[in-house]
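Step one of this worksheet: look at the structure below.
FYI, it's all coordinate maths here, none of it is from the lab. Note that the coordinates shown come from a computational prediction; the quantities given were computed from them, not determined experimentally. Here Cβ is always computed from backbone atoms with ideal geometry, including for glycine, and neighbour counts include all displayed protein chains.
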Amino acid sequence: MATDAGDPLPRFPAGFLWGVSTSAHQIEGAAELRGPSVWDVFTAEPGRVKDGSTAAVACDHYHRYPEDVALLAGLGVNAYRFSVSWPRVASPGGLDFYDRLVDELCAAGVRPVPTLFHWDLPAHLDWLDRDTAARFADHVAAVAGRLGDRVTKWITLNEPAEHTLLGHALGAHAPGRRLLFDALPVAHHQLLAHGLAVRALRAAGARDIGIANSHGPTWPASADPDDVAAAGFYDTLLNRLFAEPVLLGGYPDGLGELMPGDVAADLRVIAEPLDWYGVNYYAPTRVGAPLGTRGEFGGVTIPAELPFSVREIEDRPLTDFGWPVVPEGLTELLCGFRDRYGDRLPPVVITENGCSYEGLDDQERIAYLDAHLRALHAALEAGVDVRGYFVWSLLDNFEWAEGYARRFGLVHVDFDTLERTPKASYRWFRDVLRAQG
Ligand code: IFM
């Protein structure tokens, strides 16, 4: 295991974006000062969140943001990825909070990079409903109108794949639906919302726009054609369904035929050119043919009727969440994207990468980040145009259906006192950034 005294990292290009990421629902708290989201409804239902917790207070970032911005400044990042809560923006005084936060970030010399949707859909809206995409464009226009004089870099959506699969197909996340493949309209409407958001941002003068999609290599469980076919199908769901409409203007493998509405016209909106493409990377997935039984993956139940099964990746260390640590998967993923999409792939930013471990002396997190940064550098050397890297996450926070049990932060949060304590990984990352200049 590498320690905080490991070899220096290779140099990244001048102008590289170094940041950390968070999301509104996971850190802000102050739930009484905004309308409810689907996550408030979901967490109120018994049994939905493992430790029975809610995000009503979370890290209380809403009130403690000056302390958190000071932590960012002390870390030395040049960018901070956060999300704006749609139900807060829609509530009286909601935009004032982001106005204050952006001012504080600018004063600290940290570039604000807001994500306009990170899963906390206003409770009265529904992604099965096409009109939600148009409502999202209104939300984006309101945020850009207020913050666009200081915010220059924007992210439309965070991980529409997880929001579709976990929230609408498998029922493990809000809004808790188990629609399996009937959830596909949720994917299409989010993609349409993305395209409309790009148009709304451009109309407000934005010139630096991306999306944060989750991706990872898919490894077949064996060379058996059934395993290879199942892995190919999973790869389509995770890696192609949300990338190809955006990058190529088309759905892979005939999936467009299953989507609602005038798909051809919608695809012209969805494929609005982007300035960069955000990748959230955690681990590869090993996939085989269906086993005919229910499975378990990352705490999520996989129903028997799906045309694939998720298998264990053996001989790899696991994070506390049980996710395998496979740094070279990041190089494989990025080189694979470059080969698959060629010059249709804009410059890439790693918008999330991180791991869940307990403890303040988090040497495992240091080893994880160190190894992933080396793997990212290998992708750069192989010719992938990578422009930035954001650690997930600044703070320990509300990890969705896992509650507060999973700690991803560079900064420890005591959820009784809300005291923040930088971990060893915070000091390590600060030193990395200093060394990178
Ligand atoms: O906490 C989440 C985040 O909200 C989205 N990407 C993955 C993280 C870790 O599970």
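Can you tell me how many residues within region 186-208 are surrounded by 20 or more Cβ atoms within 10 Å (Cβ to Cβ) and away from the ligand (no atom under 16 Å from the Cβ)? Working first, answer last.
In the first step, residues of region 186-208 are kept if they are surrounded by 20 or more Cβ atoms within 10 Å (Cβ to Cβ); the result is 186-198, 200-201.
Retained after the next criterion (residues that are away from the ligand (no atom under 16 Å from the Cβ)): 186-189, 191-198, 200-201.
Within region 186-208, residues that are surrounded by 20 or more Cβ atoms within 10 Å (Cβ to Cβ) and away from the ligand (no atom under 16 Å from the Cβ) number 14.
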Every listed condition ((1) buried (at least 20 other Cβ atoms within 10 Å of the Cβ); (2) hydrophobic (A, V, I, L, M, F, W, C); (3) closer than 24 Å to residue 312 by Cβ) holds for residue 325 save (1)
In region 218-269, which residues are more than 14 Å from residue 311 (Cβ to Cβ), touching a residue at least 40 places away in the same chain (Cβ under 8 Å) and not in a helix (DSSP H, G or I)?
241, 242, 243, 248, 259, 260, 261
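Does residue 86 satisfy the condition of being out of contact with any strand residue (DSSP E or B) (no Cβ under 7 Å at 6 or more places or on another chain), farther than 30 Å from residue 434 by Cα and touching a residue at least 12 places away in the same chain (Cβ under 8 Å)? Lay out the reasoning, then the answer.
Details: out of contact with any strand residue (DSSP E or B) (no Cβ under 7 Å at 6 or more places or on another chain): no; farther than 30 Å from residue 434 by Cα: yes; touching a residue at least 12 places away in the same chain (Cβ under 8 Å): yes.
Criteria not met by residue 86.
Checking the condition out of contact with any Leu (no Cβ under 9 Å at 6 or more places or on another chain) and over 27 Å from residue 402 (Cα atoms), which residue from 342, 329, 322 passes?
Values: 329 fails: over 27 Å from residue 402 (Cα atoms); 322 fails: over 27 Å from residue 402 (Cα atoms).
Of 342, 329, 322, the one residue that is out of contact with any Leu (no Cβ under 9 Å at 6 or more places or on another chain) and over 27 Å from residue 402 (Cα atoms) is 342.
Listed here are the residues, each with its yes/no results for (1) of a type in the set (S, T, N, Q); (2) touching a residue at least 24 places away in the same chain (Cβ under 8 Å); (3) assigned to a helix (DSSP H, G or I); (4) more than 14 Å from the ligand (Cβ to nearest atom).
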site: 360; (1), (2), (3), (4): no, yes, no, yes
site: 367; (1), (2), (3), (4): no, yes, yes, yes
site: 375; (1), (2), (3), (4): no, yes, yes, yes
site: 378; (1), (2), (3), (4): no, yes, yes, yes
site: 383; (1), (2), (3), (4): no, yes, no, yes
site: 401; (1), (2), (3), (4): no, yes, yes, no
site: 406; (1), (2), (3), (4): no, yes, no, no
site: 417; (1), (2), (3), (4): yes, no, no, yes
site: 434; (1), (2), (3), (4): no, yes, yes, yes
Do we find a residue being free of Cβ contacts under 8 Å to residues at least 24 places away in the same chain and more than 22 Å from the chain's Cα centre (by Cα) anywhere in region 47-62?
yes
Looking only at helices (runs of 4 or more DSSP H) that fall completely inside region 4-94, which ones have 1 or more residues that are within 16 Å of the ligand (Cβ to nearest atom) and among the small types (Gly, Ala, Ser)?
24-27
Scan region 392-399 and give yes if some residue there is in contact (Cβ under 8 Å) with a residue 12 or more places away in the chain and surrounded by fewer than 17 Cβ atoms within 10 Å (Cβ to Cβ), otherwise no.
no
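Out of all the residues in region 99-120, is one or more among the small types (Gly, Ala, Ser), over 22 Å from residue 273 (Cα atoms) and touching an Asp or Glu at 6+ places or on another chain (Cβ under 9 Å)?
Initial filter on region 99-120 (among the small types (Gly, Ala, Ser)): 107-109.
If we keep only those that are over 22 Å from residue 273 (Cα atoms) as well, we get 107-109.
In the following step, the residues that additionally are touching an Asp or Glu at 6+ places or on another chain (Cβ under 9 Å) were identified as none.
No, every residue in region 99-120 fails to be among the small types (Gly, Ala, Ser), over 22 Å from residue 273 (Cα atoms) and touching an Asp or Glu at 6+ places or on another chain (Cβ under 9 Å).
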If I filter region 297-322 down to residues being in contact (Cβ under 8 Å) with a residue 40 or more places away in the chain, more than 17 Å from residue 368 (Cα to Cα) and charged (D, E, K, R), which single residue comes out as surrounded by the fewest Cβ atoms within 10 Å (Cβ to Cβ)?
305
Within region 197-217, track down each residue that is touching a strand residue (DSSP E or B) at 6+ places or on another chain (Cβ under 6 Å) and part of a helix (DSSP H, G or I).
197, 198, 201
Condition check for residue 349: touching a residue at least 60 places away in the same chain (Cβ under 8 Å) and under 23 Å from the mean Cα position of the chain (by Cα):
yes
Tally the residues that are within 15 Å of the ligand (Cβ to nearest atom), of a type in the set (A, V, I, L, M, F, W, C) and not in a strand (DSSP E or B), restricting the search to region 282-329.
4
